[in-house]
Amino acid sequence: MELTVYNIKGEDTGRKVQINDSIYAIEPNEHVMYLAVKQFLADQRQGTHKSKERSEISGSTRKLFRQKGTGGARRGDINSPLLRGGARVFGPKPRDYSFKLNKKVKQLARKSALSSKINDNAIMVVEDFTFDAIKTKQMVGVLDAFKVNGNRNMFVFAEPDRNVILSARNIQRTEITLARNLNTYDILNAKHIFITESALKPIDEILG
């Protein structure tokens, strides 16, 4: 499969680049994409939620009234979950939400996500570029050139470029990432993905 190469002015350079069909032209597997997104979101959870159980509430342990003959529910001390201000039954406890996915499953999920975006014409290849200085206006100019300003966009680089990263930092819904850090969630979350020419090779090495 071939994709047109554009410059940062949004113009067709007249060149095309060959991309790996085994990465960008497979049948997307929705289930593995679901698993990869689920794992990514689970890893973001702190899991520090906590509520006090009966043994952790401060209060007397004296039994308030006799067990039988009152006509009411049997309950013990003032910490009973049945009473206002009492403990919570089976409340949340700190836990780790992360879970393991096989390497090949995560790899297939990223391939499926990229293939899905190719099918939606949401991936463009751009010439390698950098900025002479840190200016948000320059990055806004790139987005305006492709008429995608205001959308959720992701630029994929082979290596970090400080000027580009800092120029895009204050632009909402615009993300700069590296080829080695690509994940299924970010791919699916972006409406437009711009991959620099130099980033195609590391993607091939990681997923090919």
Looking across the range 169-184 at residues that are surrounded by fewer than 19 Cβ atoms within 10 Å (Cβ to Cβ) and not hydrophobic (A, V, I, L, M, F, W, C), the single one that is nearest to the chain's Cα centre (by Cα) is ASN183
Checked the range 146-194 for anything out of contact with any Pro (no Cβ under 6 Å at 6 or more places or on another chain), among the small types (Gly, Ala, Ser) and either modelled with pLDDT under 95 or under 26 Å from ASP43 (Cβ atoms) (or both); matches are GLY150, ALA168, ALA190
Restricted to the range 89-115 and to residues being under 27 Å from ALA25 (Cα atoms) and in a loop (DSSP other than H, G, I, E, B), the residue most open to solvent (accessible area, probe 1.4 Å) is LYS100
The number of residues in the range 1-32 that are under 30 Å from LEU101 (Cα atoms) and in contact with a strand residue (DSSP E or B) (Cβ under 9 Å, 6 or more places away or on another chain) is 3
**Asked** Is it fair to say GLU159 is open to solvent by 30 Å² or more (accessible area, probe 1.4 Å), among the charged types (D, E, K, R) and touching a strand residue (DSSP E or B) at 6+ places or on another chain (Cβ under 6 Å)?
**Response** no
Of the listed residues (SER80, SER51, SER55), the one being among the hydroxyl-bearing types (Ser, Thr, Tyr), assigned to a loop (DSSP other than H, G, I, E, B), over 30 Å from ILE195 (Cβ atoms) and more than 31 Å from the chain's Cα centre (by Cα) is SER80
Taking first residues from the range 137-148 that are surrounded by fewer than 19 Cβ atoms within 10 Å (Cβ to Cβ) and second residues anywhere that are modelled with pLDDT of 95 or more and part of a helix (DSSP H, G or I), the pairs with Cβ under 7 Å that are 6 or more apart or on different chains are GLN138/SER167
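Residues checked against (1) of a type in the set (A, V, I, L, M, F, W, C); (2) at pLDDT below 95; (3) open to solvent by 40 Å² or more (accessible area, probe 1.4 Å):
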site: ARG15; (1), (2), (3): no, yes, yes
site: ARG54; (1), (2), (3): no, yes, yes
site: LYS63; (1), (2), (3): no, yes, yes
site: ARG66; (1), (2), (3): no, yes, yes
site: ASN79; (1), (2), (3): no, yes, no
site: LEU82; (1), (2), (3): yes, yes, yes
Checked pairs for the range 150-169, first under 16 Å from LYS137 (Cβ atoms) and β-branched (Val, Ile, Thr), second in a loop (DSSP other than H, G, I, E, B) and open to solvent by less than 20 Å² (accessible area, probe 1.4 Å), C-beta under 9 Å and 6 or more apart or across chains, list as VAL164/PHE131
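The values are calculated or read from the model by the stated rules, or taken from the named source; none is laboratory data. As the structure is a computational prediction, the values presented were derived from the model and not from experiment. Note: ideal-geometry Cβ built from the backbone for every residue, glycine included; neighbour counts use all protein chains shown. Just so you know, the surface numbers come from the protein's heavy atoms only, side chains and all, with ligands and any DNA or RNA stripped out. Shrake-Rupley method; radii C 1.70, N 1.55, O 1.52, S 1.80 Å.
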